[in-house]
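Chemist: Can you keep this structure in mind? I'll have questions shortly.
The values are calculated or read from the model by the stated rules, or taken from the named source; none is laboratory data. All of these numbers come straight from a predicted model, not from anything done at the bench. Here Cβ is always computed from backbone atoms with ideal geometry, including for glycine, and neighbour counts include all displayed protein chains.
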Amino acid sequence: MSDEKSTPDKEPEDSVEGRVIEPPTTHITKAEGEGVGEAPENLHETMQLAKAAKEGKEDQFDKLYQRVAPSLFSWARLRIPPSIRPFLDEQDVVQEVWIRAVEIIERYDPDKVNFRAWIFRVAKNVLLEAMRKLRADPRLRMDGGPSTRLFVIENCPDSVTLMSARMRRDERIKIFTGYVEELESPDREILVHCGLEGLKAQEVADRLELNREAVIKRWQRLRETLRNNGMLRGIIIDEEA
């Protein structure tokens, strides 16, 4: 499966000291935050779950998916173009990615790539396929009503459907994605690539045509800002890039 690159805005390397937008301090009750995991992602434990899922243990895959689903939902909310949104929403993406990942999990190699990076490749392909469908059939734009969807979601378990519905109502995800949308480039792209997709600094630097040190510095500053405002837990990877 190819890893299709996103097309973020770019900024020259010497623009390193951009302004920092402070996110609102969150006051999330337990009920409001129920869709988001409470514990930071343990990368070693995630790798063990991934190996078990590859061996066909579906309950382990479900646990694994719950770890990345809030990030996927947030990513989809930020990445779905306005032209596609009438036919594809965040819940569609979370559910369609689950279906496809289950179908191809035996091809996943946990020794070569971490699960988060792999699952986001699946998500990018889902989004790219949706865009291609819309371009290939312009009648969808003209004839499609609110019930027209680009993907027919089948064989998705109730647990995933309910989880995606909870995330739609989750106040923490709403605040987080609103904050990201207000960020300037390249901070916005760095946060998405490093914090949601789990990419390393050098890969992000290559994509954005920045130097690695600038990416690391910006990511450290973003993490500190988000940590201080209680917006890391359950959505963003709190790890060095």
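Chemist: Can you give me the number of residues within the stretch 217-231 that are surrounded by fewer than 20 Cβ atoms within 10 Å (Cβ to Cβ) and hydrophobic (A, V, I, L, M, F, W, C)?
Modeler: 0
Chemist: Let me ask something else about it. Filter the stretch 73-98 for residues that are farther than 15 Å from L128 by Cα and in a helix (DSSP H, G or I) and give the result.
Modeler: F73, S74, Q91, Q95, W98
Chemist: Here are some conditions: (1) out of contact with any Ser or Thr (no Cβ under 9 Å at 6 or more places or on another chain); (2) at pLDDT 85 or above; (3) closer than 20 Å to V97 by Cβ. N211 meets all but one. Which one does it not meet?
Modeler: (3)
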